[in-house]
Amino acid sequence: MYATRRYLMCPPSHFRVTYSINPWMDPGKPVDLPLALAQWEALRDRYRALGHTVELLDPVPELPDMVYAANGATVVGGRVLGARFAHPERAGEAAAHRDWYRAHGFGDVTEPAHINEGEGDFAVTASWLLAGRGFRSSPLSHGEAQEFFGRPVIGLDLVDPRYYHLDTALCVLDPEAEDVMYHPAAFSPGSRAVLARLFPDALLAEESDALALGLNAVSDGRHVFLPEAATGLFAPLRDRGYEPVPVDLTELLKGGGSVKCVTAELRS
Ligand code: ARG
């Protein structure tokens, strides 16, 4: 179902790769900052052109990964479960997000007890809160999120360091229809079986598309914004009635993130 959404994004004004906390990050590789900004602005403008609201979070100079706004909190029903980052390099982002939500009228903005990297590891469908673990978010954060949101959590084990967050391996295409796409090899055998049981008709992504971070996509229920290199997903998405919107975010790929990582969804 296509409905306009409300997103939160943070411009990559201070984006750089000076440390490595995932296999995609190579501090030796230069980042073209003007290009990163232009690519990010193009995505923001595309959201707005389709009627979506894009709110903006002020970037902090000392926090180069802040552009990956999806990691800063999880918002469902207007309630905000804050993040707690696994790596000290990103720890400061959590408070910046909580401050933003408090200043913008969100209720129940909560600082979590356990490590969770927001929508990096939490994905929402009408029935479930899908929750990744293995690299970043603590398994203990799953129970915490279930209690906070009152939604059943499905814990999923990530096993490949290239897919260190759930949102690099799985994308909710339509929450109401319980329609998802994912890359099976990113998950443990048991988690694959769980996904097959819950989503028997899911779109399964090939490795080449997963490696282009094609699962790191944002869907509004009709348009699916995804990395333009994930070409193998275009036809299967069209066959299911979606409209792929290819996005060029190559500079931000150097930090290990793409479309979904830079887009937090504010679910009312
Ligand atoms: N450099 C960031 C990190 O490793 C990238 C985060 C990507 N975000 C995401 N939602 N997967 O934490």
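Every number in this text was worked out from the coordinates using simple rules, so none of it is lab data. Owing to the predicted nature of the structure, the values given are computational and were not obtained by experimental measurement. Positions of Cβ are generated from backbone atoms using ideal geometry, with glycine treated the same way; all protein chains shown enter the neighbour counts.
One Cα centroid belongs to the range 1-58, the other to the range 190-268; the line between them spans 16 Å. When the square roots of the Cα gyration tensor eigenvalues are ordered a ≥ b ≥ c, the ratio a/c for the range 103-142 is 1.5 or more and a/b does not exceed b/c, which makes its shape oblate. Determine the shape class of the range 65-220: with a ≥ b ≥ c the square roots of the Cα gyration tensor eigenvalues, call it rounded for a/c under 1.5, and otherwise prolate if a/b is greater than b/c, oblate otherwise. Because a/c hits 1.5 or more and a/b exceeds b/c, the range 65-220 counts as prolate.
With R₀ fixed at 22 Å, the C-beta to C-beta distance from SER268 to GLU178 puts the FRET efficiency at about 0.65.
Summing Lys and Arg as +1 and Asp and Glu as -1 over all other residues whose Cβ lies under 14 Å from the Cβ of ILE21 gives a net charge of 0.
FRET efficiency for the pair TYR19 and VAL159, taken as 1/(1 + (r/R0)^6) with r the Cβ-Cβ distance and R0 = 22 Å, rounds to 0.40. In the chain, helices alone account for a calculated mean residue ellipticity at 222 nm of -6500 deg cm²/dmol, with every DSSP H run of four or more residues adding -39,500 (n - 2.57). Oblate is the label for the range 1-102. Its Cα gyration tensor axes, ordered a ≥ b ≥ c, give a/c of at least 1.5 and b/c at or above a/b. Computed from the Cβ-Cβ distance with R0 of 41 Å, the FRET efficiency linking ALA38 to ASP108 stands at 0.65.
Between GLU243 and ARG48, residue separation times 0.36 nm minus the direct Cα-Cα distance comes to 68.6 nm. Just add up the charged neighbours of PRO61: K/R +1, D/E -1, any other residue whose Cβ is under 13 Å from the Cβ of PRO61. Result for the neighbourhood of PRO61: -3. The tail of the calculated P(r) for the range 98-185 beyond 15 Å holds 60 percent of all Cα-Cα pairs.
Computed from the Cα positions only, the extents of the chain along the three principal axes stand at 44, 39, 36 Å, in decreasing order.
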